[in-house]
Each structure stands twice: as C-alpha cells, then as structure tokens.
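These notes are about the structure you will find just below.
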Amino acid sequence: MPMTNERYTATAIALHWLLGLAIVGSFSVGVYMHDLPVSPARLKLYNYHKWAGVTILVLSALRL
C-alpha cells in the first residue's frame with residue numbers, strides 16, 4: 001500500500017481560517033451591539049453585522 005501525503009490546498013486552509021475569524025468577529029459584534037441603545041452607531045454596527053453574514057454565506061458557498 002503506497003503512502004500518500006494528502007493535504008488540503010492552501011486556498012482551502014485560508015478560507016477555513018478566514019471563515020472562522022469572520023464568524024467569531026460577527027458573533028462578537030452581535031453580542032456587543034445587543035445592549036446598545038438605538039443610535040446611529042448601533043445602526044452602523046447592525047449593517048456591518050448583516051454584511052458580514054452575507055460575506056460568510058458567500059465564502060461558505062465558495063468553499064463547498
């Protein structure tokens with residue numbers, strides 16, 4: 001039985017870690033903004049959180 005050294009590609013590894021960081025970051029923003037009063041700053045964070053979710057979805061689809 002020949003031994004093969006199978007590894008993920010550098011792109012797959014980079015997408016994995018990028019998605020991991022994006023998920024943790026988006027979750028952190030969501031927890032932080034939960035207790036903020038309604039203000040322009042909260043609305044800006046809400047938009048960042050929403051677009052981070054869309055980006056995570058697109059990157060996940062690319063990864064598949």
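The values are calculated or read from the model by the stated rules, or taken from the named source; none is laboratory data. Remember, it's a predicted structure, so these values are computed and weren't measured experimentally. All accessible areas refer to the heavy atoms of the entire protein, side chains included, with ligands and DNA or RNA removed. Shrake-Rupley method; radii C 1.70, N 1.55, O 1.52, S 1.80 Å.
The portion of the accessible surface of the chain made up by carbon and sulfur, rounded to a whole percent, is 71 (1.4 Å probe; DNA, RNA and ligands excluded). Relative to the longest principal axis of the Cα atoms of the chain, the long axis of helix 40-63 makes an angle of roughly 20 degrees.
Please compute the Kirkwood hydrodynamic radius over the chain, one decimal place, Å, based on all pairs of different Cα atoms.
Evaluated over the chain, this radius sits at 13.7 Å.
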